[in-house]
1. Please list, in order, the residues from region 181-222 whose amide nitrogen is less than 18 Å from a point placed 7 Å along the Cα→Cβ vector of K32.
2. Per Stokes-Einstein, at 10 °C and 1.306 mPa s, what whole-number D in µm² s⁻¹ belongs to region 168-322, with the Kirkwood radius over Cα pairs as the hydrodynamic radius?
3. Could you compute how fast region 1-69 diffuses translationally, taking Rh as the Kirkwood radius over C-alpha pairs and applying Stokes-Einstein at 37 °C with viscosity 0.692 mPa s? Give it in µm² per second.
4. Any number yet on Rg/Rh for region 242-323, C-alpha, Kirkwood?
5. State to the nearest 20 debye the size of the charge dipole of region 274-323 about its Cα centre, where the only charges are +1 on K and R beta carbons and -1 on D and E beta carbons.
6. Assuming a strict under-14 Å limit between Cα atoms, what lysine pair count do you get for region 232-323 once near-sequence pairs (fewer than 8 apart, same chain) are dropped?
7. Where the accessible area of region 227-318 is counted over protein heavy atoms with a 1.4 Å probe, how much of it, in %, is carbon and sulfur?
8. Using every alpha carbon pair in the chain, what percent of pairs falls into each 20 Å bin from 0 up to the bin containing the largest distance?
Amino acid sequence: MPLLSSIDKYKDYMGESPRPEDFDQFWQDSLKDLREHTKPGYALKKREFLEKGIEQFDLFFEGTFGANIHCLYIRPKEIKNKIPGIVFFHGYGSSTKGPFEYLPYVYNDIAVLAMDVRGQGGYSTDPWYGNGPSYYGQYIRGLEDDDITKLFARNIYLDGVKAVETLMSMEEVDETRIGINGKSQGGALTIASSALVKGVKVITPTYPFMSDIKHTIKEDLLDISQFNEFNEFFRRHDPKHEKEDEVFRKLSYVDIQNFADKITAKVHWTLAFKDENCHPSTQFATYNKIKSEKEMIIYPDYGHEPQLLFQDNDLFQFYLKNL
């Protein structure tokens, strides 16, 4: 098929964004910060739910900088033995879906934890403070602060780590049978959290955001209507690109391609060939660095859209076979 064969030019692409020499140390320190400066554990509040055989909860834990992170937790009502679990991460600006989206998993004895990203469409709080603009998007937050721990992506990645570890800690969940799923922003969270948490079994990223950021901005591969906050940052705060190297250095700490070689989970990656927000080349920049077992599913006629026909069933069947 000519359309699919044209993607061959990306299959050996390894990206051009930098990888800091202290990348691993930065994330070791960040994980230490998460362990030492956030309250351990979580709180559960049961929801009324009429669907038979299902229990549903609001779950809260503390994230970095005092954020109160909300998750939806759903499990079968009757559990005889430990069951597998999946963490779901949503796209940029959205929130966790209603419980009905997750019912096929729960009815097949899989626990589901769906996290609301701080400061977006759900119930997680976002007590961030720091220097620099934030009006044009959350991912430029912290770019003008001397403290790179204030980068938005750094802190939601750590929220993702805590979400995965929370699910692993559940008495009814088998910590050796954990999956992570996410699209776009959720895909970035899937990559980062699976690299930072040991023991994740399978992951299903779909066209993840925040990959090969320098290449994306330099080649103007972002859809101006939706993901232009990096362009706006330069237009309004560095129009001559005098701080370009420093900006890309900071973003390299949260560029997901720099996490890829740490992934040990089996990877089922979905790519939309006509994606104008997360360009296919940026997908391969991360995918090609993954050393664990992996496969890429390509949708030739789709872009960066929420509903890829048949994907939901594809992912569902993948989890049934592999968890």
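1. 196-197
2. 97 µm²/s
3. 190 µm²/s
4. 1.04
5. Here region 274-323 has a charge dipole of around 320 debye.
6. For region 232-323, qualifying lysine pairs total 7.
7. Heavy-atom surface of region 227-318 belonging to carbon and sulfur, 1.4 Å probe: 49 percent.
8. Spelled out per bin, shortest first, that is 33, 59, 8, 0.
The values are calculated or read from the model by the stated rules, or taken from the named source; none is laboratory data. In this text the structure is predicted, and so the values were computed from the model without any measurement. Here Cβ is always computed from backbone atoms with ideal geometry, including for glycine, and neighbour counts include all displayed protein chains. The area values use the complete protein model at the heavy-atom level, side chains included, leaving out ligands, DNA and RNA. Shrake-Rupley method; radii C 1.70, N 1.55, O 1.52, S 1.80 Å.
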